[in-house]
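What follows is one structure encoded as structure tokens, with my remarks underneath.
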Amino acid sequence: MSVEHLTALDPIFAECIRVGGPLQRDFSRPSGFVGLLRMVMEQQLSTKVALVLWDKLLTRLGDVTPATILNSDDDALRACGFSRQKVGYARGLAEAVVAGRLDFAAIHALPDEEAIAALVTLKGIGRWSAEVYLMMAQDRPDIWPVGDLAIQLGVQRLKGWTDKPTPAQLLAVAEPWRPHRSLAAKLVWHHYVSLQEQAKRAR
């Protein structure tokens with residue numbers, strides 16, 4: 001599926017490329033425990049801040065595994081940017097892997113909605129985290145995270161809508177983009193982040 005095909009379906013994607021240039025951003029994340037833990041860290045943080053904190057965690061632990069998370073005290077994890085709540089989520093994920101309750105191979109084999117349903121049973125993993133994990137770590141092609149604020153604001157701006165769209169409106173507008181909504185989401189993010197970067201440079 002090419003960007004050119006999506007731009008033929010909806011002119012907003014041509015605008016994404018006009019504003020941001022070619023889509024060269026790396027949206028990928030590692031698969032498995034590391035990738036899901038990064039989803040937890042990135043909740044309610046900008047991508048840049050989350051990356052700095054992740055690098056700090058890597059420096060401190062050397063290797064991010066269920067064992068190194070469980071062997072780290074709370075202060076060490078909080079020093080790397082985990083809130084008290086996220087420390088609990090991180091430990092819960094690590095414990096689930098060690099105990100065999102979290103089977104990534106089994107989850108990865110499931111269709112999108114079933115995989116999301118399995119992931120959201122884990123404490124700290126909501127639908128947004130599950131969807132973005134499947135999109136970025138599993139490279140699934142038709143994920144459309146309507147709960148993502150940048151998607152909401154980005155589509156509002158691109159469509160010229162007065163109000164922020166509801167989840168139902170976002171699902172409806174993206175229906176013609178199936179089964180390539182992951183690429184659509186990346187283009188909307190690309191546009192949103194590019195505008196933020198341009199605004200910062202103009203200050």
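The values are calculated or read from the model by the stated rules, or taken from the named source; none is laboratory data. Nothing here was measured: the structure is a model prediction, and the numbers come from that model. Reconstructed Cβ throughout: ideal geometry from the backbone, glycine too, with neighbour counts over all protein chains shown. Just the protein is used for accessible areas: all its heavy atoms, side chains included, with ligands, DNA and RNA removed. Shrake-Rupley method; radii C 1.70, N 1.55, O 1.52, S 1.80 Å.
How large is the charge dipole for segment 32-173, taken about the Cα centre, if only the Cβ atoms of Lys, Arg (+1) and Asp, Glu (-1) carry charge, to the nearest 20 debye?
The calculation lands at about 460 debye.
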- Query: Which one of Leu119, Ile69, Leu93 is farthest out on the positive end of the charge dipole of segment 55-119, using unit charges on Cβ (Lys, Arg +1; Asp, Glu -1) and the Cα centre as origin?
  - Reply: Ile69
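Could you list, in their original order, any pairs among Lys86/Lys164; Lys86/Lys200; Lys48/Lys200 whose Cα atoms are separated by more than 19 Å?
Lys86/Lys164; Lys86/Lys200, as the Cα separations exceed 19 Å there.
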- √(5λ) per eigenvalue of the Cα gyration tensor, the chain, largest first, Å: 32, 20, 14
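Counting only C-alpha contacts under 8 Å and six or more residues apart, can you give the relative contact order of segment 136-193 as a whole percent?
Normalised by residue count, the contact order of segment 136-193 is 49 percent.
With runs of 4+ DSSP H residues as the only contributors, calculate the mean residue ellipticity of the chain at 222 nm using -39,500 (n - 2.57) per run, divided by the residue total and rounded to the nearest 500. All intermediate terms of the calculation are to be shown ahead of the outcome.
Details: 13 runs with 133 residues, N = 203.
Counting only the DSSP helices, I get -19500 deg cm²/dmol.
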- Would you mind calculating the relative contact order of the chain from Cα pairs under 8 angstrom and at least 6 residues apart, reporting the percent as a whole number? 27
- Query: When the Cα centres of segment 54-109 and segment 152-170 are compared, how far apart do they sit, in Å?
  - Reply: 35
- Message: Compute the angle between helix 149-159 and the longest alpha-carbon principal axis of the chain, please, reported from 0 to 90 degrees and rounded to the nearest 10.
- Response: 10
- Task: Would you mind getting the accessible area per residue of the chain, heavy atoms of the protein chains only, 1.4 Å probe, in Å²?
- Result: 51
- Using a 1.4 Å probe and counting only protein heavy atoms, arrange Asp26, Asp142 so the residue with the most accessible area comes first. Asp26, Asp142
- Where a ≥ b ≥ c are the square roots of the eigenvalues of the C-alpha gyration tensor, would you call segment 159-203 rounded, which needs a/c under 1.5, or, failing that, prolate if a/b is larger than b/c, or oblate? oblate
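How high is the relative contact order of segment 1-108? Use alpha-carbon pairs under 8 Å, at least six apart in sequence, and give a whole percent. The partial results should precede the final answer.
Details: 59 pairs, mean separation 26.4, N = 108.
Once divided by the residue count of segment 1-108, the mean separation gives 24 percent.
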- segment 91-176: chymotrypsin sites (Phe, Trp or Tyr not before Pro) falling in loop per DSSP and having at most 16 other Cβ within 10 Å: Trp161
- Charge tally in the Cβ shell below 14 Å around Leu23, where Lys, Arg are +1 and Asp, Glu are -1, Leu23 excluded: 0
- Using θ = phi - 60° and the Karplus curve 6.51 cos²θ - 1.76 cosθ + 1.60, what whole-Hz ³J(HN,Hα) does each residue of segment 39-51 get, with Gly and Pro shown as x? 4, 5, 4, 7, 4, 6, 10, 6, 4, 5, 5, 4, 5
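What do you get for trypsin sites (Lys or Arg not before Pro) in segment 109-192 restricted to DSSP loop and a cutoff of at most 15 other Cβ within 10 Å of the site's Cβ?
Here the trypsin sites (Lys or Arg not before Pro) that fit, given the DSSP loop and packing criteria, are Lys123.
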